[in-house]
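Note sheet for the following structure.
The values are calculated or read from the model by the stated rules, or taken from the named source; none is laboratory data. None of these values were measured; they are calculated from a predicted model. Please note: Cβ atoms are built from the backbone with ideal geometry, for glycine as well, and neighbour counts cover all protein chains shown. Accessible surface areas use protein heavy atoms only, side chains included; no ligands, DNA or RNA. Shrake-Rupley method; radii C 1.70, N 1.55, O 1.52, S 1.80 Å.
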Amino acid sequence: MLAAPPYLKKGDKIAITAPASKLDGKSIEVGIEILQSWGLEVTVGKTVGRNFHDFSDTLENRTSEFQTFLDDSSIKLILSARGGYGCSKIIDYLDFDKFKASPKWICGFSDLTAMLLHVNGLGFQALHGVMAKTMTYHQVSNESLRAALFGEKYLYAFEPSSSNILGEGQGEAIGGNLALLVHSIGSKSDINYEGKILFLEDISEYYYNLDRMLVQLKRAGKLQYLAGLVVGDFSDCKENDEPFGKKIEEIILEHTSDSYYPVAFGFGFGHESKNLAIRMGEDLYLDVKSSGSIIKSI
């Protein structure tokens, strides 16, 4: 299990930044109120509410602000305001030396998968969960984020699926957005998937492209020796004019058919309103039964 940064407590200072796409600063007001209700002191970065084309700010300003929050030992959590596109553009310009000496939680999903994966590669846990903008969507998701940040153990139970592969697995949680995981292969943020429980989700992709990305994961050796696979939401997936012929369940099962680990579909994880928090790098237990599946902290 990877090292966990210090869990939060009331009175801790946290920072919200926009390392990727732009957003209206008002869209995080509810999120700020929720975070403050947990007893946290919230600092909002200057990138929130700005815009530079589709990005929240210039590459230099987004990098500088993230670096400032990484280096500030009083900041215990860096929470992304939103995802979009842009995190992978700043990673290689960041210096993580002070972070490694005084680690903190980094939280987000979607485009933030690139950052979470990089932090895992440095030997630390990072949190896949709702962001400041998406805290308006689902109270259960927010509560799961609070519990994860404050160090509580979690147990998630979800409904069975006829596509599930039954079995048990135990290992470090890794993963997030499929496109960002594939995007990281061969980069400084790439990590070993062997013996780990992989979580997957994505949004607005064509089925053929989902298949292509899973082919790449498989060819890169990422799917062969997992301890388990948990499939979240693949939202708004699309067909070409000529249908691809397989949906996401069939695509995933095709590429895992020669493996021997459990596969659980239907976990509330991704771009839908229910997006349950997972501490990536933490040891988890996965049990997939005909009556339903559970994921729990060990």
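Structure above, values below:
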{"read-out": "Qualifying residue in region 180-193 (condition: touching a residue at least 40 places away in the same chain (Cβ under 8 Å) and in a strand (DSSP E or B))", "value": "no"}
{"read-out": "Residues being in contact with a strand residue (DSSP E or B) (Cβ under 7 Å, 6 or more places away or on another chain) and open to solvent by less than 50 Å² (accessible area, probe 1.4 Å) - total across region 21-42", "value": "6"}
{"read-out": "Selection status of Ser235, of a type in the set (Gly, Ala, Ser) and under 21 Å from the mean Cα position of the chain (by Cα)", "value": "yes"}
{"read-out": "So Glu65, is it acidic (Asp, Glu) and buried (at least 16 other Cβ atoms within 10 Å of the Cβ)", "value": "yes"}
{"read-out": "Filtered residues of region 189-206 (kept if open to solvent by 30 Å² or more (accessible area, probe 1.4 Å) and either closer than 28 Å to Ser290 by Cα or not charged (D, E, K, R) (or both))", "value": "Asn192, Glu194, Gly195, Lys196, Ile203, Ser204, Tyr206"}
{"read-out": "Selection status of Glu272, part of a helix (DSSP H, G or I), closer than 21 Å to Ser161 by Cα and open to solvent by 30 Å² or more (accessible area, probe 1.4 Å)", "value": "no"}
{"read-out": "Candidate set from region 68-100 (those that are open to solvent by 30 Å² or more (accessible area, probe 1.4 Å), touching a residue at least 60 places away in the same chain (Cβ under 8 Å) and touching a Phe, Trp or Tyr at 6+ places or on another chain (Cβ under 9 Å)); member that is nearest to Asn142 (Cα to Cα)", "value": "Lys76"}
{"read-out": "Residue match in region 86-97 (condition: farther than 29 Å from Asp233 by Cβ and aromatic (Phe, Trp, Tyr))", "value": "yes"}
{"read-out": "Extreme residue, farthest from Thr256 (Cα to Cα), among residues of region 172-188 that are open to solvent by 10 Å² or more (accessible area, probe 1.4 Å) and not aliphatic (A, V, I, L, M)", "value": "Lys188"}
{"read-out": "Subset of region 35-93 [on the phi > 0 side of the Ramachandran plot and within 20 Å of the chain's Cα centre (by Cα)]", "value": "Gly84, Gly86"}
{"read-out": "Residue pairs meeting the criteria (Cβ under 8 Å; at least 6 apart or on separate chains; first open to solvent by less than 10 Å² (accessible area, probe 1.4 Å), in region 276-298; second polar (S, T, N, Q) and in a strand (DSSP E or B))", "value": "Arg279/Ser297; Glu282/Ser297; Leu284/Gln170; Leu284/Ser297; Leu286/Gln170; Leu286/Ser293"}
{"read-out": "Residue among Leu79, Leu8, Leu70 that is in a strand (DSSP E or B), closer than 30 Å to Gly195 by Cβ and either out of contact with any Leu (no Cβ under 6 Å at 6 or more places or on another chain) or not charged (D, E, K, R) (or both)", "value": "Leu79"}
{"read-out": "Gly266 vs. criteria in contact (Cβ under 8 Å) with a residue 12 or more places away in the chain and open to solvent by 10 Å² or more (accessible area, probe 1.4 Å)", "value": "yes"}
{"read-out": "Some residue of region 210-233 being in contact with a His (Cβ under 6 Å, 6 or more places away or on another chain), modelled with pLDDT of 95 or more and farther than 23 Å from Ala126 by Cα", "value": "yes"}
{"read-out": "Sole exception among (1) over 15 Å from Lys133 (Cα atoms); (2) open to solvent by less than 30 Å² (accessible area, probe 1.4 Å) for Gly45, by number", "value": "(1)"}
